[in-house]
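The values are calculated or read from the model by the stated rules, or taken from the named source; none is laboratory data. If you're wondering where the values come from, they're calculated on a predicted model, not measured in any experiment. Positions of Cβ are generated from backbone atoms using ideal geometry, with glycine treated the same way; all protein chains shown enter the neighbour counts. Surface accessibility is based on the protein's heavy atoms, side chains included, excluding ligands, DNA and RNA. Shrake-Rupley method; radii C 1.70, N 1.55, O 1.52, S 1.80 Å.
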Amino acid sequence: MEEIRKEIKEKVILVAVATEDPVQTEESLDELEELVKTAGAEVVARVIQLREAPHPGTYIGKGKIEEVQAFLYGTDATGIVCDDELSPAQISNLEQALDTKIMDRTLVILDIFAKRAFTREGKIQVELAQLKYRASKLTGKGTSLSRLGGGIGTRGPGEKKLEMDRRLIRTRISHLKAELRDVIKHRQVQRKQRQRNHMPVVCIVGYTNAGKSTLLNYYTNAGVLEEDQLFATLDPTTKSVELESGQTILMTDTVGFIQKLPHHLVDAFKSTLEEAKYSDLILHVVDASNPQKEQQMETVYNTLNQLGANESSVITAFNKIDLLKDEEILKDPRAEAVVKISGKTGEGTAKLLQTIEEMLQKKKLYLEKTYGYDEAGKIQIIRNYGQLLKEEYTEEGIYVQAYIPKEILGSI
């Protein structure tokens, strides 16, 4: 009879070093706990140490290691998760001191991404990020990462990847990079096609679980997974939306951002995240009900700067206003416009589309011209790619008032 292998339900202890504000460290651990739950494990204890900097050898000091050891015995925990990315030496030393599975925030995020990647591009990007992470941990450890066993961190490439030597990992990374280059070329072709069609692109960005997918589903019936958890969707989705004027735009949903987003992921997902860089407008979705929304907004803007996508105009949509108990002043000084919405109930969504239309119109040129009847084809170009305000047939020709993309000015 075939034996069915079941994934172990892990119990973990969260460990963090507070170098500045302990309250911020607590909030960071709250988020880490959500990440751990999303990865399928249970948090049974927390340990925070106040230090000027993490211990270079063991992340936390000797006294806290003993405290963690006591928690391990008292809670039957199967491992610990540290709130920062650990060095190979820190992992090795903690393993020796505690004799348990040692994980960090980066490993947990990579594990969730592996679970949520369904497209070829997503799977390539996740495996590439995982292998880069694991290669960095092989320093001085040979293949001892295979001791991690089942549970968090073993999805995606699989356990056999943990047993690869450096040469095999480098070969696999090179192969994945070649595959990713092909995918990037395809994405660039799609982008150029959109540019030729002069179809405006609105890129939806935001902190994970801000409600980006809910909003896209509301406007387009895209059928993207909606769940109240971190990184519910990973693969980007692009759908068309018709504005009140009759103009069609493309909305692209991107992967959510998070504090301490692993650089392996930023590098691997650069082609996906760069959709924001080449978009006509960035729609920044913020969870208005989240107490940490200010820090989350800062994280989003820092990531956009890292991607070189800080030149595009931004509309900030404060989502989930249906969850606010009190009237609150919601502002974003870095956005050109702010709209309060609820992607769930639809409140404010019409105003948001109107604001998008107004912002896109600012980027267009106003045209007032009379065309000869032999130039009727140019009117059709305006109709296809611009916004025709007035079309009047006179003795001199066809009088037109319109807003047009500057790219088609030479064609008309």
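Odds and ends about this structure:
- Among the trypsin sites (Lys or Arg not before Pro) within region 352-400, those in coil by DSSP and having at most 13 neighbouring Cβ atoms inside 10 Å are 363.
- The lysines within cross-link reach of residue 344, meaning a Cα-to-Cα straight distance under 20 Å and a gap of 8 or more places when in the same chain, are 212, 239, 293, 320, 325.
- Max mean-square fluctuation residue, GNM over the chain, Cα-Cα springs under 10 Å, options 333, 262, 200: 333
- Whether region 230-372 is rounded, prolate or oblate, judged on the alpha carbon gyration tensor where a/c under 1.5 counts as rounded: oblate
- Take residue 394: with every protein chain present and a 1.4 Å probe, its accessible area is about 40 Å².
- In the assembled protein chains, residue 182 presents an accessible area of approximately 90 Å² (probe radius 1.4 Å).
- Put simply, the amide H of residue 60, placed in the peptide plane, has neighbours under 5 Å in 55, leaving out anything fewer than 5 places away on its chain.
- Solvent-accessible ranking of 393, 301, 366, 399, largest area first, probe 1.4 Å: 393, 366, 399, 301
- The residue 368 and residue 69 beta-carbon pair, evaluated with R₀ = 56 Å, returns a calculated FRET efficiency of approximately 0.10.
- Per-residue extension of 0.36 nm, minus the Cα-Cα distance of residue 391 and residue 263, leaves a gain of 40.8 nm for this segment.
- Percent carbon-and-sulfur accessible area, the chain, ignoring ligands, DNA and RNA, probe 1.4 Å: 47
- Placing R0 at 22 angstrom, the Cβ-Cβ distance between residue 328 and residue 19 gives a FRET efficiency of 0.10 after rounding to 0.05.
- Counting only DSSP H runs of at least 4 residues, each contributing -39500 (n - 2.57), and dividing by the residue count of the chain, the helix-based mean residue ellipticity at 222 nm comes to -12500 deg cm²/dmol.
- Whole-number accessible area per residue in Å² for region 286-412, which is evaluated in the context of all protein chains at 1.4 Å: 56
- 3J(HN,Hα) along region 318-327: 7, 8, 6, 5, 5, 9, 6, 8, 10, 5 Hz, from the Karplus curve 6.51 cos²θ - 1.76 cosθ + 1.60 with θ = phi - 60°, whole Hz, x for Gly and Pro.
- Label corresponding to volume of the Cα convex hull per residue in Å³ when calculated from the structure given, among (i) 179; (ii) 122; (iii) 190: (i)
- Residues of type lysines that residue 37 reaches as a straight line, Cα spacing below 16 Å, ignoring anything fewer than 8 places off in the same chain: 9, 11, 115
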